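Worksheet for the structure shown next.
The values are calculated or read from the model by the stated rules, or taken from the named source; none is laboratory data. Everything numeric here is computed off the predicted structure, so don't read it as measured data. Glycine also receives a Cβ, built like all others from the backbone with ideal geometry; neighbour counts cover every protein chain displayed. We work out accessible area using only protein heavy atoms, side chains counted, and drop any ligands, DNA or RNA first. Shrake-Rupley method; radii C 1.70, N 1.55, O 1.52, S 1.80 Å.
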Amino acid sequence: MILDFLATFGAQLQKPTLAFLIGGMVLAALGSRFEIPDAIYRFVVALLLLRIGLGAGIEIREADLAELIVPAILAMVLGAGIVLLGRFTLGKLPGVRVEDGVATAGLFGAVSASTLAAGMVMLDAESVAFEGWVPALYPFMDIPALITAIVLAQLHRKRKEGTEGRVALWPIIVDSLRGAALSALLLGLALGLLARPESVYESFYDPLFRGLLSILMLVMGMEAYSRLAELRRVAHVYAAYAVAAPLVHGLLGFGAGYVAHVLTGFSPGGAVLLAVMAASSSDISGPPTLRAAIPTANPSAYVGSSTGIGTPVALLSIPLWLALAETVFPA
Amino acid sequence: MILDFLATFGAQLQKPTLAFLIGGMVLAALGSRFEIPDAIYRFVVALLLLRIGLGAGIEIREADLAELIVPAILAMVLGAGIVLLGRFTLGKLPGVRVEDGVATAGLFGAVSASTLAAGMVMLDAESVAFEGWVPALYPFMDIPALITAIVLAQLHRKRKEGTEGRVALWPIIVDSLRGAALSALLLGLALGLLARPESVYESFYDPLFRGLLSILMLVMGMEAYSRLAELRRVAHVYAAYAVAAPLVHGLLGFGAGYVAHVLTGFSPGGAVLLAVMAASSSDISGPPTLRAAIPTANPSAYVGSSTGIGTPVALLSIPLWLALAETVFPA
Amino acid sequence: MILDFLATFGAQLQKPTLAFLIGGMVLAALGSRFEIPDAIYRFVVALLLLRIGLGAGIEIREADLAELIVPAILAMVLGAGIVLLGRFTLGKLPGVRVEDGVATAGLFGAVSASTLAAGMVMLDAESVAFEGWVPALYPFMDIPALITAIVLAQLHRKRKEGTEGRVALWPIIVDSLRGAALSALLLGLALGLLARPESVYESFYDPLFRGLLSILMLVMGMEAYSRLAELRRVAHVYAAYAVAAPLVHGLLGFGAGYVAHVLTGFSPGGAVLLAVMAASSSDISGPPTLRAAIPTANPSAYVGSSTGIGTPVALLSIPLWLALAETVFPA
Amino acid sequence: MTTPATKISIVAERFLLPQIERVLEAERVSGYSIFPGGGKGAHGIHPVDGASLVREFSIVKLEAVILDRPAAERIAEALARESFQRHSGIVWLESVEVVRAEKF
Amino acid sequence: MTTPATKISIVAERFLLPQIERVLEAERVSGYSIFPGGGKGAHGIHPVDGASLVREFSIVKLEAVILDRPAAERIAEALARESFQRHSGIVWLESVEVVRAEKF
Amino acid sequence: MTTPATKISIVAERFLLPQIERVLEAERVSGYSIFPGGGKGAHGIHPVDGASLVREFSIVKLEAVILDRPAAERIAEALARESFQRHSGIVWLESVEVVRAEKF
Ligand SMILES: Nc1ncnc2c1ncn2[C@@H]1O[C@H](COP(=O)(O)O)[C@@H](O)[C@H]1O
Ligand SMILES: Nc1ncnc2c1ncn2[C@@H]1O[C@H](COP(=O)(O)O)[C@@H](O)[C@H]1O
Ligand SMILES: Nc1ncnc2c1ncn2[C@@H]1O[C@H](COP(=O)(O)O)[C@@H](O)[C@H]1O
Ligand code: NA
Ligand code: NA
Ligand code: NA
């Protein structure tokens, strides 16, 4: 069975998504001067998020909203729970400052749009179905994770400085929602839900999805390699955490998906996507939020862990959740 | 019938084009940090204009050029006439400086490429046919409008300063044609007319048309919202003019299209596009031309009126001309 | 037969590729302010090179590698040979400094990715088949040409300055391979060879190929026109060389293709592409390599010759090799 | 015809802009310009126009020309104290001469 | 080894560039550099790299290093008088030192 | 509160950056910023943000603020001698004042 898995895994690495990721890493490692212009990268991210939102919004129109409740609550619990888990795990490890640990746990609790998109494309390639609204769970996991991290950091500071006072949650939520990434996703969702964007979705956003993702994977690969160098300057435990966390979190996400399957008939594909989101760590929208909110944390530690290791591991573990789903959910 | 119209109008708002426009406005109103990179925006505009030109050029090859003459003359009359009308209407309103009124009328007489593209996509979505060369009427309406405005402004200055001398038209025309927007349109036209770009037109420019327009609509919506703020600093009559003018001009354009229909059998879809062009006001290529040529006019007034109100109203009124065409032209 | 050829040539000029090139030149000549944003241009080049690499890589998987050896050796001989030929031809011409002549010959020996892409699209349009791996010959011709030029320049300097010492080849090769253009091509090749990118190749890279090439042709046309002005400042012999060289080199390339046809059954389409590569001169990746390696050469001379004349002539001569193939290789 | 003035230049990551703008507004600065770029410093390399994964971490330079020299110094000190204690970024002042002093 | 010179900096909307270039050419300025950017001033905000609907209204900074100080002042005054009377934009001068004075 | 320093500005084509960076590193410069742009000079026009066929030939400005004035002069002279003998590009120095001098 392990041989079987390795063969499947090898085949998955050849799939465009992962192959472009690895290609980007190799380019960077070889010192290539190849670059994707920043304007293109930002547009690719915007299109992917609009596409994810539009797709989910169109599906939600026909969905039974009651179905959504259980997975949404599970996503919120996962987001916040992963951060709490990470904060106490990292807190026990040597050489980790509390703020750095909290910020790192925050990013690993939050969600990566690129990893989610990769998961969707890989499910499609395997023809594994999922409820079209599952990608809309993204903010339900992402925002609670970031909030939990920020609150933990503020509690820590208050304890250290001996000050009192409540932590204001609402501004953090609003600020998250106004960020470029969540705005694009929510705009897509709203348009999918309230308008009839099917024609443009089918003729533009959806056909370009896979190709644009390959570009994004190139960028993520190049960036991951260059972050690795930075990570070398901080304690090694970050690297260890960054390798293990996506796997543990993915399992937790998969477990939550299984629970939802038993409770509400959540699809196997949905469980895989929940695992992918839980395993993923935020590289694009989480870092600036945490950097502004936890200025005392060292970005080399948390951005390095997430972008340098967390994201590649999360991407490479997608085939794992697919294989798990095949084993756990009988066809 | 009004209820009927409202229902149709509601349905039209859900069409991708208008929905993305409104989405852009809402994003800006909510303070989102979402942005389309400038390089992308400029490329989208270039592709749309190349596409419009190519499509028209390919059609003109097969068209009976005599058919074109009447609509082209009507377009020129509309362009210049709308500016004269606007100059005297605005001239009678309180708090409007002559230069500002002239520049505002100039933009409303000129044509918006994005509104024209939206009109084309909405006609296609409704399967309303039009002569393929109609979009080529754009410069016939646009240039006379801008020239009329510049000449009116120069006459006003000469009268005020008591100087004499003729106004040079040719440099204004050449400068308009060299602008990025008209250049792209005319390049497309020339290639469509003289070369055989069908393969690339059908495999690239045409399929991307609708999707790219949705991106452009997002940008137009965000920009409209931010221009509204600026408009608040100038006299209210600009807002009133900017709401009413697209409707009046659209009716004039539709009327002209009807005349052409009677005279030369111009298609109902062509009349709708003529109304759309007349209703539209220039946001991309007109403003810099007028700003350089009428430096004493206040851009907050005319750019604010056109981009902040004129364009959204013109876009939202496209369903009106469609409905009118259904009523006026029996199937 | 000449009339026949002229008619065919006229028809070829109407093909999108050449028509967009000429369109770009005309725009620039008329002083248009139309521009393609730099970020877009660079992305277009990257996508085209990835596409060329992916396509070739996918084909090489199934190819008999032995087939590749003869054309690859011929490509290397052509690359180096054209530079030697050019160096001595230009060396005999009046007003040509040795360094300038060597750099010019270097660019004309090297390969232009845009010309190669244009050749591929034009072969496809004519349904002329070629071995899918032929575009992978690009680096086999490009790198030897640049190396030959650099070595010739260094030998010249050593002779002049009377110094001794060997020329280090390896750093030049590594630096070439790390350049953005060859990196993209080789990344595509590696992915095509080692991964299974067929899905994304067929849904994204290949369908966009022709359209993106039309954009690139616009840029090349505008750039060619503006380089012509610069070329006027250097000796006229450069212009003469730049007109003649693509034709001579194309013939040499075609001849080499014919030899390969006889020896190994190389396809007629492959011979045309070999002619196209030999006729082409490097505009994107060659100039910075030579500029850094031969700082005493005057870029107005060699960049002007290559981009201002060499590339347009090479592009316009593609129909020639097509016509030649039809004559030489009986159907 | 020229009036002496002070130009304050700030190089920082983009996400600090709102904070910097608040400091400038508190001193009633009439205008400023922003230029995107990249750079190298204690925190490694920021790409110039290649993709920077997090846009908010890309480098910008802000320049404000101010007639009131003490205000420029107050701004520089406020920034050094508040923003650049914890975040990377540099600030410097230059003496310049402006025309049309009434614009500032 | 260094030669004193004057740097003239001009921040303006892009459509003024041809006009500015004419003024520079009239004083036989040997070269200048242009940097795209954004900013805030009396006429509101210009985005830094988000879409600006009208490209000609986006902000650029032009810098020219000039050996001849009086020429720099003449340029500044000509611009203040001709272009910046009616249009937004600011101009300032700085004292700099150049190497390779023969380049200018 | 401010410390005098020297800003060295270099305008050059992008392909010279590695060479320039080597000179800066040899003088242990702690950081520098780079801004993309365009310009006009003896070698004609470089577009500001339109496509430049060869990216390595587009114009950038590099700015480094340095506390050590003689080092700044050594850098300027090294560049003038090594890079800008054969390639286009200009270098100038300006006197500035920095806050947080320990950053440099
Ligand atoms: N001495 C310097 N001169 C100019 N720019 C600098 C200097 N030091 C730092 N910077 C800029 O400030 C950014 C952040 O600096 P750092 O926090 O040292 O990494 C760098 O990426 C540079 O763009
Ligand atoms: N005091 C200032 N310092 C630096 N840049 C300025 C200043 N005032 C205006 N600007 C720039 O000039 C542009 C036009 O200014 P304004 O006409 O005041 O809106 C602004 O968008 C800024 O980029
Ligand atoms: N006097 C100057 N002031 C500012 N920038 C200059 C000056 N001269 C040249 N440059 C810049 O340096 C680049 C190369 O100069 P050149 O080698 O003279 O063409 C130009 O494109 C400009 O960006
Ligand atoms: Na997660
Ligand atoms: Na109009
Ligand atoms: Na060649």
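Just a few scattered comments:
- Springs join every pair of Cα atoms under 10 Å in this Gaussian network model of chain C, and among C:R97, C:R51, C:R210 the largest mean-square fluctuation is at C:R97.
- Of the accessible area of segment E:3-103, computed with a 1.4 Å probe over protein heavy atoms only, carbon and sulfur atoms account for 51 percent.
- In this rough spin-label picture, where each label sits 7 Å from Cα along the Cβ direction, the B:V328-B:L93 distance is 2.4 nm.
- Highest GNM mean-square fluctuation among A:T115, A:T17, A:T296, for chain A modelled with Cα contacts below 10 Å: A:T296.
- Interface of F with D. Using a 1.4 Å probe and counting protein heavy atoms only, the two chains hide about 2100 Å² of accessible surface, both sides summed.
- Dividing the convex hull volume of the alpha-carbon atoms in segment B:1-118 by its residue count gives 218 Å³ per residue.
- Helix runs (DSSP H) in chain C reaching 30 Å along axis by Cα, Kyte-Doolittle at least 1.6: C:65-92
- At least 50 Å² accessible surface lost relative to isolated chain, residues of segment C:18-47 (1.4 Å probe): C:F20, C:R33, C:F34, C:E35, C:P37, C:D38, C:A39, C:I40, C:R42, C:F43
- Residue list for segment A:122-161, given a label point 7 angstrom along the Cα-to-Cβ vector of A:L65 and an amide N cut-off under 20 Å: A:131-141
- Of the residues A:A7, B:T148, B:L316, the one whose Cα sits farthest toward the positive end of the charge dipole of the protein assembly as shown, with +1 on the Cβ of Lys and Arg and -1 on the Cβ of Asp and Glu, is B:T148.
- Here the calculated FRET efficiency for B:A229 and C:I173, from their Cβ-Cβ distance with R0 = 51 Å, stands at 0.35, rounded to the nearest 0.05.
- Heavy-atom surface of segment D:3-103, accessible at 1.4 Å and reported per residue (Å²): 36 Å²
- In this assembly, the C-B interface accounts for approximately 2100 Å² of buried accessible surface in total, computed with a 1.4 Å probe and without ligands, DNA or RNA.
- Residue of A:L65, A:L74, A:L49 that the Gaussian network model of chain A assigns the largest fluctuation, springs spanning Cα pairs under 10 Å: A:L65
- Normalised by the number of residues in chain D, the average gap of Cα pairs under 8 Å and 6 or more apart makes the relative contact order 50 percent.
- Per-selection Rg to Rh, segment C:148-195 - Cα, Kirkwood hydrodynamic radius: 1.24
- Segment C:74-123 and segment C:216-294 have Cα centres spaced 6 Å apart.
- Viscosity 1.306 mPa s, 10 °C: Kirkwood-radius Stokes-Einstein D of segment B:1-57 over Cα pairs, µm²/s: 113 µm²/s
- Average accessible area per residue (Å²) across chain C - probe 1.4 Å, nucleic acids and ligands excluded: 36 Å²
- Extreme residue, positive dipole direction of segment F:3-103, given options F:L24, F:A101, F:A80 (C-beta unit charges): F:A80
- Cβ-Cβ FRET estimate between B:K158 and B:Q14, R0 fixed at 45 Å, reported to 0.05: 0.30
- When +1 charges are put on Lys and Arg Cβ atoms and -1 charges on Asp and Glu Cβ atoms, the dipole computed for segment D:3-103 relative to its Cα centre reaches about 120 debye.
- Counted over all Cα-Cα pairs of the protein assembly as shown, pairs farther apart than 66 Å make up 6 percent.
- Dipole magnitude for the protein assembly as shown: about 3120 debye, using +1 per Lys or Arg Cβ and -1 per Asp or Glu Cβ, origin at the Cα centre.
- For chain D, the longest principal axis of the alpha carbon atoms and the long axis of helix D:17-26 meet at an angle near 20°.
- Here the label points at D:Q19 and A:I2, each 7 Å from Cα along the C-beta direction, are separated by 5.0 nm in the simple model.
- Rounded to whole Å, sorted largest first: equivalent-ellipsoid semi-axes of segment F:3-103, Cα gyration tensor: 25, 15, 11
- Principal-axis analysis of the Cα atoms of chain D puts helix D:69-82 at an angle of about 20° to the longest axis.
- Value at 222 nm in deg cm²/dmol, rounded to 500, when DSSP H runs of n ≥ 4 in chain A each add -39,500 (n - 2.57): -25000 deg cm²/dmol
- Carbon and sulfur %, accessible surface of segment A:75-209 computed with the full protein complex present, 1.4 Å: 64 percent
- Summed buried accessible area for D+A [probe radius 1.4 Å, Å², rounded to 100]: 1600 Å²
- Between B:E198 and F:A26, the simple spin-label model (points 7 angstrom out along Cα→Cβ) gives 6.4 nm.
- Global geometry of segment B:2-328, whether rounded, prolate or oblate, following the gyration tensor of its Cα atoms and the 1.5 cut on a/c: rounded
- Once the C-beta distance of E:R86 and B:V243 is scaled by a Förster radius of 30 Å, the resulting FRET efficiency is 0.55 to the nearest 0.05.
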